[in-house]
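Encoded as structure tokens, the structure appears first; notes follow it.
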Amino acid sequence: MTVTAPLTTPFTARATAAEVLDGIDLTGHRMIVTGGASGIGAETVRALAGAGAEVTVATRDPGGADALVEEFAGPGPGRVRSAALDLADLSSVDAFLASWEGPLHALVANAGVMALPDRQLTAEGWELHLAINYLGHFALARGLRGNLRAGAGRVVAVSSGAQLRRAVDFDDPQFERQPYDPWTAYFQSKTADVLLVVGIARHWAADGITANAANPGYVMTNLQRHLDDDTLRAFGVTIDEAGNRTVPDHYKDAAHGAATSVLLAASPLLAGVTGRYFEDNQEAEVVPGGPEAMTGVAEHAVDPAAADRLWAYAEQVLTSR
């Protein structure tokens, strides 16, 4: 077995998304960013459109992207449009797919949920973390495969350092028998995001489609809306008596958090690179994972056998809907 050194780039952890794309012309490129109306997603959209791409914000509330659409309505090649997409509703995924025509150069699977206090199910009976963070994106990518093939496209799955904590529980991924735990559900869904790109690298390589996973780092966005104050304090956030929050210095803002996503979506440095996991704009080392691991990608998150098993599971549940 040949072991290669992780890929490095000239960009530090403090590079912004715009800096990563500086000098790159994306005119003529068509891209989709799920959950692109706010937070890291919005900065991903802003950087890609700023480099000339036509970017579709796929979101449950298309009106939430109005400001981005207007920002790029003037002269210049970059354009932003919005379209309805609810990843927890497969009929919404189907409607989005039916509306998409032509090549696709990048799909950024950015939308997600974190640590929902109670077990919630979709109409198909899927646990919501797995449904939104993985299964909905799997269905979307699968439906866009031909479009990605036509554009020699890239898939970017926005994962998290949370993938270090848990492998996918193939015996009970939907918490049908074991007690529901918000963090376990989130952890395994972020592992599933990495396994998605490993699966795409294994199954769609002949199509010229590449896929990689991004860890944006610590960024305070709407993703943390379900976390209580005590949990936020445990993450280092200071909360005063008035409820104002101050994040520690190691947190990034959204423009910095989006850098790794746009690096994977559009940088020539990543041409032909597939099936890998990046954090702070560098490919991460593979590590054992577990409660002590702080950086890197867990062995269970890039295990080809696990990727194939999860791929087969997703195909099965989508077929049985």
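The values are calculated or read from the model by the stated rules, or taken from the named source; none is laboratory data. Because the structure is predicted, anything quoted here is derived from the model rather than measured. Ideal geometry is used to build each Cβ from the backbone, glycine not excepted, and the neighbour counts take in all protein chains shown. To get the accessible areas, we keep the full protein, side chains included, count just its heavy atoms, and leave off ligands, DNA and RNA. Shrake-Rupley method; radii C 1.70, N 1.55, O 1.52, S 1.80 Å.
What does the helix-only formula give at 222 nm for the chain: each DSSP H stretch with n ≥ 4 adding -39500 (n - 2.57), the total divided by the residues, and the result rounded to the nearest 500 deg cm²/dmol?
Helix-only estimate at 222 nm: -9000 deg cm²/dmol.
Solvent-accessible area per residue for the chain at a 1.4 Å probe radius, Å²?
Accessible area per residue: 43 Å².
Just to be sure I understand the model, the point goes 7 Å from the Cα along the line to the Cβ. What's the resulting Arg202 to Leu318 distance in nm?
Computed distance between label sites Arg202 and Leu318 equals 1.6 nm.
Per 0.36 nm of contour for each residue apart, how much would the distance between Ile239 and Thr27 grow if the chain were fully extended, relative to their Cα-Cα spacing?
72.0 nm
State the three equivalent ellipsoid semi-axes of the chain, derived from the C-alpha gyration tensor as the square roots of 5 times its eigenvalues, in descending order and whole Å.
Rounded to whole Å, the semi-axes are 26, 24, 21.
Within the range 97-165, what whole-number % of the accessible surface is contributed by carbon and sulfur, with the 1.4 Å probe and all protein chains included in the calculation?
Answer for the range 97-165: carbon and sulfur cover 46 percent of the accessible area.
Pop the C-beta distance of Ala123 and Ala5 into the FRET formula with R0 = 41 Å and round what comes out to the nearest 0.05.
Between Ala123 and Ala5 the formula returns 0.35.
For the range 92-168, what class follows from the C-alpha gyration tensor (a ≥ b ≥ c being the square roots of its eigenvalues): rounded when a/c is under 1.5, otherwise prolate if a/b is larger than b/c, else oblate?
oblate
Order of 129-135, 24-30 by packing, highest average Cβ count within 10 Å first?
129-135, 24-30
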